[in-house]
Amino acid sequence: MSLTPTARSAARTNNPVRRSAAPAAHRRRRDLGPIASLALLASIVVSLLAASSAPTPLYAIYQQRWGFSPITTTIVFGVYALAVLVSLLVFGKISDHVGRRPVLLAALTGQVAAMVVFATAGGVDALLAARVVQGVGTGAALGAIGAGMLDIDPRRGGFLNSFAPAVGTAGGALVSGLIVQYLPVPTRLVYFVLLGMFVLQALGVLALRETVSRKPGALASLAPEIKLPRAARTPVAIAAPVLFAVWALAGFYGSLGPAIVRTLVHSTSLVWGGLPLFVLAAFAGLAVLVLRGTSTRTVMLIGAGALVAGVTITLVSIGSGTGGPAAATGFFAGSAIAGFGFGSGFQGGIRMVMPQTRPHERAGVLSLLYVVSYLGLGVPAVIGGVLVVHGGGLLQTAREYGIAVIVLTVAALAGLLLSGRRAEPVAVLRPEAADETAPAPQSAQVPQTVSG
């Protein structure tokens with residue numbers, strides 16, 4: 001008996017062998033759902049920023065062992081920022097071409113290698129090498145992660161892009177300080193813990209659903225260039241000075257903060273070394289939570305005002321140079337207020353710019369914002385280290401640095417006020433975005449209007 005084409009097709013479908021083979025391809029790898037994917041990507045940001053701040057409490061130990069100056073401390077800090085910056089310029093757009101997952105796997109592999117170099121470091125050269133590898137991996141990952149979160153869910157992704165860095169920076173500084181003070185092999189244990197986290201996250205990335213289609217131009221995308229979509233140019237011009245100012249403050253706390261607070265509290269405990277950065281980052285995270293429903297322009301105005309107020313209080317607290325409980329209390333109170341400003345300014349900058357981008361532009365634009373941020377993080381910190389040795393010393397440099405941050409913030413605030421309503425994002429999904437072929441879910445498209 002011969003079968004018609006329709007009957008043959010039905011027979012093939014009803015064949016138990018063929019029926020079980022068809023879904024087998026789909027069972028080979030189960031993709032994570034949207035919530036799990038967001039959680040994984042946010043956890044990677046937390047780990048990356050925790051790893052970047054983990055060496056902060058260790059600088060005192062490294063200085064004792066290898067006898068280097070404050071200039072070297074800020075150079076080790078600044079080299080990381082420079083490596084991130086270069087990596088963002090070179091690799092910032094590549095995930096728009098090859099996909100988010102391959103870039104994340106390569107970046108996490110680099111982080112594992114950096115943790116090994118840190119844990120086995122025997123001198124400043126090894127520290128610098130570890131910082132370079134770490135910075136390259138972080139820079140490559142940040143654009144891909146941020147764009148990936150926005151692909152999955154623009155609203156939650158935008159929030160996590162602002163919140164996760166604060167959690168990572170705060171957690172890394174505090175946990176590292178506690179490990180260094182109270183647990184054995186302090187210069188190794190913290191890095192082994194981070195190494196384990198990166199390995200687990202790499203395994204999670206294998207189950208991550210790709211959100212963009214491959215497209216040609218990957219090699220061409222490696223050529224550094226500053227290229228902005230027309231709709232994002234004005235928001236970037238408004239947000240960039242704010243981002244530079246808030247990250248310059250973070251550079252101050254990451255490089256000089258440990259030495260300043262130990263001077264104020266008259267203590268050699270290494271836990272104090274991580275507390276300034278922890279307080280700054282913790283209140284930055286609080287700002288992201290508290291202000292997530294506030295309009296973008298208002299968030300940035302609050303950020304600039306809090307930054308000026310907080311830095312002013314810290315300057316007053318270290319004014320006498322004698323230290324003591326009152327000075328330490330003022331320093332941490334000012335740090336908390338400045339941290340709230342840091343979180344507000346960073347969140348506002350991201351929220352102002354990213355809604356103006358289409359899916360295939362996100363990694364490149366977000367990388368550019370991080371370039372501005374890491375310029376602010378690294379360059380002033382290195383200059384500060386030089387001034388500590390060749391200028392007026394630690395506390396005088398802290399005063400000059402604080403005044404510079406205030407001037408930067410006031411300039412950014414003036415630009416924000418002059419911009420008027422242009423700072424408020426509007427109708428952000430351009431018609432040509434509908435032609436995107438990236439296999440992102442419907443929720444990954446940028447909404448027509450942005451609340452806040």
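The values are calculated or read from the model by the stated rules, or taken from the named source; none is laboratory data. What you are looking at is a predicted structure, and each value in this text was computed from that prediction instead of being measured. Counting neighbours? That spans all protein chains shown, and the Cβs are built from the backbone with ideal geometry, glycine included.
Assorted remarks:
- Sole residue being part of a helix (DSSP H, G or I) and closer than 19 Å to Lys215 by Cα, chosen from Ile145, Ile75, Ile71: Ile145
Rundown of residues vs (1) of a type in the set (A, V, I, L, M); (2) at pLDDT below 85; (3) closer than 30 Å to Leu222 by Cβ; (4) in contact with an Asp or Glu (Cβ under 7 Å, 6 or more places away or on another chain), yes/no style:
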| residue | (1), (2), (3), (4) |
| --- | --- |
| Gly323 | no, yes, no, no |
| Ala336 | yes, no, no, no |
| Gly341 | no, no, no, no |
| Gly348 | no, no, no, no |
| Thr357 | no, yes, yes, no |
| Gly364 | no, yes, yes, yes |
| Tyr370 | no, yes, yes, no |
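Every residue, every condition in (1) over 17 Å from Ile44 (Cα atoms); (2) in contact (Cβ under 8 Å) with a residue 40 or more places away in the chain, yes or no:
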position: Ala81; (1), (2): yes, yes
position: Val84; (1), (2): no, yes
position: Val90; (1), (2): yes, yes
position: Asp96; (1), (2): yes, yes
position: Leu105; (1), (2): no, yes
position: Leu108; (1), (2): no, yes
position: Val116; (1), (2): yes, yes
position: Gly122; (1), (2): yes, no
position: Asp125; (1), (2): yes, no
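- Test: residue in the range 76-97 that is over 17 Å from Leu195 (Cα atoms), touching a helix residue (DSSP H, G or I) at 6+ places or on another chain (Cβ under 7 Å) and basic (Lys, Arg): yes
- Screening Arg131 with (1) touching a helix residue (DSSP H, G or I) at 6+ places or on another chain (Cβ under 6 Å); (2) of a type outside the set (Val, Ile, Thr); (3) outside any helix (DSSP H, G or I) gives one miss only, at (3).
- Residue match in the range 373-385 (condition: closer than 24 Å to Ile238 by Cβ, out of contact with any Phe, Trp or Tyr (no Cβ under 6 Å at 6 or more places or on another chain), surrounded by fewer than 21 Cβ atoms within 10 Å (Cβ to Cβ) and modelled with pLDDT of 80 or more): yes
- Selection status of Thr234, surrounded by 14 or more Cβ atoms within 10 Å (Cβ to Cβ), of a type in the set (S, T, N, Q) and assigned to a helix (DSSP H, G or I): yes
- In the range 83-128, residue modelled with the highest pLDDT [restricted to those that are outside any helix (DSSP H, G or I) and surrounded by fewer than 18 Cβ atoms within 10 Å (Cβ to Cβ)]: Thr120
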